[in-house]
Amino acid sequence: MVESYAMIYIQIPDKQDAKAFLALAKSGSPVVCLPKNTYGVRDEHLKILKRKKISFKKLQPSKVPVPKPALAV
């Protein structure tokens with residue numbers, strides 16, 4: 001079985017964000033947390049969210065505002 005390791009960007013509604021964050025964090029796989037309830041996830045995370053009936057919207061990677069790292073002082 002071939003797994004996809006490409007990052008998928010999703011946005012979670014405000015009312016489900018806490019529940020979604022907990023489910024993603026408990027998965028054991030890395031998750032990228034971004035502003036405005038946006039996450040970078042993998043296919044396995046989408047399955048978890050669907051199983052828990054947590055809604056999400058897929059985003060186009062080019063439209064996701066990835067924060068720039070702060071300069072070290």
Task: Filtered residues of the stretch 20-55 (kept if touching a strand residue (DSSP E or B) at 6+ places or on another chain (Cβ under 6 Å) and assigned to a loop (DSSP other than H, G, I, E, B)) - done: Val31, Asn37
Open item on the list: Anything in the stretch 9-50 that is of a type outside the set (Ser, Thr, Tyr) and touching a helix residue (DSSP H, G or I) at 6+ places or on another chain (Cβ under 7 Å)? List them, or say none.
Closed with: Ile12, Ala20, Ala23, Leu24, Val31, Asn37, Val41, His45, Ile48, Leu49
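Answer yes or no as to whether Tyr9 is of a type outside the set (Asp, Glu) and in contact with a Gly (Cβ under 7 Å, 6 or more places away or on another chain).
yes
One line per residue, one yes/no per condition, for (1) among the small types (Gly, Ala, Ser); (2) in contact with a Ser or Thr (Cβ under 7 Å, 6 or more places away or on another chain); (3) surrounded by 12 or more Cβ atoms within 10 Å (Cβ to Cβ); (4) at pLDDT 95 or above:
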{"site": "Ala23", "(1), (2), (3), (4)": "yes, no, yes, yes"}
{"site": "Arg42", "(1), (2), (3), (4)": "no, yes, yes, no"}
{"site": "Leu46", "(1), (2), (3), (4)": "no, no, yes, yes"}
{"site": "Ser55", "(1), (2), (3), (4)": "yes, no, yes, yes"}
{"site": "Ser62", "(1), (2), (3), (4)": "yes, no, no, no"}
{"site": "Pro65", "(1), (2), (3), (4)": "no, no, no, no"}
{"site": "Leu71", "(1), (2), (3), (4)": "no, no, no, no"}
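The values are calculated or read from the model by the stated rules, or taken from the named source; none is laboratory data. Everything quoted here is computed from the prediction, not taken from an experiment. Cβ: placed from backbone, ideal geometry, glycine included. Neighbour counts: every protein chain shown.
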